[in-house]
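Q: Let me give you the structure first, and then I'll get to my questions.
The values are calculated or read from the model by the stated rules, or taken from the named source; none is laboratory data. Keep in mind it's a predicted model, so treat the numbers as computed, not measured. Quick reminder, even Gly has a Cβ in these numbers, built from the backbone with ideal geometry, and neighbours come from all protein chains shown. Calculation scope for accessible area: heavy atoms of the full protein, side chains included, ligands and nucleic acids excluded. Shrake-Rupley method; radii C 1.70, N 1.55, O 1.52, S 1.80 Å.
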Amino acid sequence: NLVFLIDRSGSMQASRKLPLLKQSLKRLIGQLRAIDRLTLISFADSAILHYSTRGVTQKDSLYRFIDNFVDVGKTRAIEGLQLAYDYTEQNIIDEGNNEIILVTDGLFSLSAEDRQRIRANRRIVLSAVGLGKDRKALNTLRKLAERASGSFIHIRGTNPDTEVLLEEVKARSRL
């Protein structure tokens, strides 16, 4: 039960972040199985649930969908995280891998209350995929993932970066 939470805000324009995000997402989706549940949620000016499926079989249509993402607007990461947690909780798989994978440059802030909510939910793992070079933002993402029992991966544009995340997701998989 993987929920990809994708930052498509204006800050993703810098340094080829959005093309790198698209490339990484397509690589990750390419490894999913027909038994995997996949959800795509994005955030910019608002959080939007784009896609949800119980079996990942239409990968070509997913790739085309991802290719059409554009980076515009403000960063409403809190709305995105709330929608992702609410949706994942409603569709929890008992004894399964219920994971939100946040893909972002990390250029947003979380309140203490937001961080507590993430820490409190032990049924859902939150992993963070960081793009860009902002050390403070990347460090915040690393801590966020650690608090939520997830992984942090800094994508610099190489295949080994995405392989690490793939291996960790597979390790958490129950089937």
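Q: So which aspartates and glutamates pass the test for LYS74, namely a Cα distance under 18 Å, with those fewer than 8 places away in the same chain ruled out?
A: In chain and number order, the partners are ASP7, ASP45, ASP105, ASP134.
Q: Moving on. Hand me the trypsin sites (Lys or Arg not before Pro) from the stretch 120-151 located in a DSSP loop with no more than 12 other Cβ atoms within 10 Å, in residue order please. Before the final figure, lay out the partial values.
A: Numbers: sites: ARG122, ARG123, LYS133, ARG135, LYS136, ARG142, LYS143, ARG147; in loops: ARG122, ARG123, LYS133.
Answer by residue number: ARG122, ARG123.
Q: Just to confirm a number: summing +1 for Lys and Arg and -1 for Asp and Glu over residues other than LEU141 whose beta-carbon lies under 13 angstrom from that of LEU141, what do you get? The partial results should precede the final answer.
A: Values: positive: ARG115, LYS133, ARG135, LYS136, ARG142, LYS143, ARG147; negative: ASP7, ASP105, ASP134, GLU146.
Once positives and negatives cancel, what remains is +3.
Q: Label-point separation (nm) for GLU79 and ARG156, each offset 7 Å from Cα along Cα-to-Cβ?
A: 3.5 nm
Q: What does the charge count near LEU18 come to, summing +1 for each Lys or Arg and -1 for each Asp or Glu among other residues with Cβ under 14 Å from its Cβ?
A: On the way: positive: ARG8, ARG16, LYS17, LYS22, LYS26; negative: ASP7, ASP67, ASP71, ASP105.
Computed value for this residue: +1.
Q: Can you give me the % of accessible surface on the stretch 10-154 that is carbon or sulfur? Probe 1.4 Å, all protein chains present, nothing else counted.
A: Numbers: 3310 of 7110 Å².
Carbon plus sulfur share of accessible area: 47 percent.
Q: Net charge near ASP67, counting Lys/Arg +1 and Asp/Glu -1 over other residues with Cβ under 11 Å of its Cβ? Intermediate results must be reported in sequence, preceding the final value.
A: Values: positive: LYS22, LYS26, ARG64; negative: ASP60.
So the environment of ASP67 carries a net charge of +2.
Q: Related question: For LYS59, give me every one of the lysines with a C-alpha distance below 23 angstrom, ignoring sequence neighbours fewer than eight places off in its own chain.
A: LYS17, LYS22, LYS26, LYS170
Q: Antiparallel DSSP bridges in the chain: what percent, to the nearest 5? List each step's numbers first, then the result.
A: Values: 6 of 27 bridges.
Beta bridges within the chain, antiparallel portion: roughly 20 percent.
Q: May I pose another question? Between SER109 and ILE92, what is the label-point separation in nm under the 7 Å Cα-to-beta-carbon projection?
A: 3.2 nm
Q: Taking the Cα centre as origin and putting +1 on Lys and Arg beta-carbons and -1 on Asp and Glu beta-carbons, what dipole magnitude results for the chain, to the nearest 20 debye? Could the numbers behind the result be given before it?
A: On the way: 28 positive and 21 negative charges, 65 e Å.
So the dipole magnitude of the chain works out to roughly 320 debye.
Q: Taking only protein heavy atoms and a 1.4 Å probe, what accessible area per residue, in Å², does the stretch 1-112 have with all protein chains in place? Before the final figure, lay out the partial values.
A: On the way: 4850 Å² over 112 residues.
For the stretch 1-112, the solvent-accessible area averages 43 Å² per residue.
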